[in-house]
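Working notes, beginning with the structure itself.
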Amino acid sequence: MRLIFLGPPGAGKGTQAEFICRDFHIKQLSTGDLLRFHRKQGTELGRKAQQYMDRGELVPDSLIIDMIKEELVKPEYKNGYLLDGFPRTIAQAEALDKLLEELNQKLDYVLILDVQTEEIVTRLTARRTCKICGKTYHLIFNPPKVDGKCDIDGGELYQRTDDNEETVRNRLAVYEKQTKPLIDFYTKKGIAYFINGQGEIEKIYKQIQEILLKTKRL
Ligand code: ADP
Ligand code: ADP
């Protein structure tokens, strides 16, 4: 199964992706996580991406597309994958189409998570992220079992530098302008599914399970 998770920053893509990948045995590929890893390692790509990420702007398409091409050919993605945070522009979606053709692969689902702007600002300004595995928490809505520590690996939780109100609002504007057109792009292909991203985390996952099980293209 191959799917794309679309939705504004803070919609809960990472949170839900964890459940999907666990239950459907596929690998998550988050371009945001991958870019943060490059930054931590101090690679050339990490250095180039830094300024864009800190401003809440998109990293140039060519860098992202090269990164994805390098990643998706790895054997761990053979059984399927969930793309989280990619594609984010029409140019990226077209490049993905081309790559899928080369790999002789087909996309099964594009899940679109919808959440209102003010809820997103509340979510992201109190989001905390694990330094080791990237799992996200919310101080009030989705707190860790032990304060400041990741439930999975005990890693220290930190606040991403781009999770401040000003940058969040910029990321939302970037989403509206550059990423939202993808909804139309994938609706035309007949593989787009809409999910209300507000409400309890477990209930949202139930909606997703229903779609993935009912339309079964496994
Ligand atoms: P994305 O990957 O789309 O940017 P995350 O999964 O990191 O979003 O979620 C953003 C923030 O919102 C995190 O702090 C997360 O714990 C919280 N969150 C996720 N789902 C919900 C929900 N249904 N209700 C309230 N908060 C949520
Ligand atoms: P969120 O889902 O909370 O917006 P991500 O972790 O997906 O955050 O992305 C963080 C930042 O990484 C983005 O604001 C952007 O600068 C960069 N980024 C991630 N994925 C892409 C992409 N596909 N294209 C361009 N930039 C990206």
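The values are calculated or read from the model by the stated rules, or taken from the named source; none is laboratory data. Since this is a predicted model, take the numbers as computed values, not measurements. Virtual Cβ from ideal backbone geometry, glycine too; neighbours counted across all protein chains shown. Please note that ligands, DNA and RNA were not included when accessible areas were found on the heavy atoms of the full protein model with its side chains. Shrake-Rupley method; radii C 1.70, N 1.55, O 1.52, S 1.80 Å.
Can you tell which of 68, 112, 64 is within 20 Å of residue 207 (Cβ to Cβ) and in contact with a helix residue (DSSP H, G or I) (Cβ under 9 Å, 6 or more places away or on another chain)?
112
If residue 67 satisfies every condition in (1) within 12 Å of ligand 1 (Cβ to nearest atom); (2) open to solvent by less than 40 Å² (accessible area, probe 1.4 Å); (3) of a type outside the set (S, T, N, Q) but one, which is the exception?
(1) is the only condition that residue 67 fails.
Of the residues 52, 137, 81, 77, only one is open to solvent by less than 20 Å² (accessible area, probe 1.4 Å) and closer than 26 Å to residue 159 by Cα; which?
Unique residue meeting the criteria: 137.
I'm checking my understanding of the structure. Among residues of segment 107-134 that are open to solvent by 50 Å² or more (accessible area, probe 1.4 Å) and in contact with a Leu (Cβ under 7 Å, 6 or more places away or on another chain), which one is farthest from residue 24 (Cα to Cα)?
Result: 117.
Given 4, 20, which one is modelled with pLDDT of 95 or more, within 20 Å of residue 138 (Cα to Cα), away from ligand 1 (no atom under 11 Å from the Cβ) and within 17 Å of the chain's Cα centre (by Cα)?
20
Is there a residue being touching a residue at least 60 places away in the same chain (Cβ under 8 Å), open to solvent by 10 Å² or more (accessible area, probe 1.4 Å), closer than 29 Å to residue 165 by Cβ and not acidic (Asp, Glu) anywhere in segment 15-22?
Within segment 15-22 (the criterion being touching a residue at least 60 places away in the same chain (Cβ under 8 Å), open to solvent by 10 Å² or more (accessible area, probe 1.4 Å), closer than 29 Å to residue 165 by Cβ and not acidic (Asp, Glu)), the answer is yes, since at least one residue qualifies.
When you go through (1) open to solvent by less than 30 Å² (accessible area, probe 1.4 Å); (2) at pLDDT below 95; (3) more than 14 Å from ligand 2 (Cβ to nearest atom) one by one for residue 157, which number turns out not to apply?
Every condition holds for residue 157 apart from (2).
Filter the helices (runs of 4 or more DSSP H) completely within segment 117-209 down to those with at least 2 residues that are of a type in the set (Lys, Arg).
Passing ranges, in order: 165-174.
If a residue must be within 15 Å of ligand 1 (Cβ to nearest atom), open to solvent by less than 60 Å² (accessible area, probe 1.4 Å) and out of contact with any Asp or Glu (no Cβ under 9 Å at 6 or more places or on another chain), how many such residues does segment 165-182 contain?
So the count comes out to 4.
Among the listed residues 72, 58, identify the single one that is touching a residue at least 60 places away in the same chain (Cβ under 8 Å) and of a type outside the set (Phe, Trp, Tyr). So that I can check it myself, show each step before the final result.
Values: 72 fails: touching a residue at least 60 places away in the same chain (Cβ under 8 Å).
So the residue among 72, 58 that is touching a residue at least 60 places away in the same chain (Cβ under 8 Å) and of a type outside the set (Phe, Trp, Tyr) is 58.
Filter segment 1-10 for residues that are surrounded by 19 or more Cβ atoms within 10 Å (Cβ to Cβ) and in contact with a helix residue (DSSP H, G or I) (Cβ under 7 Å, 6 or more places away or on another chain); which is farthest from residue 120 (Cα to Cα)?
5
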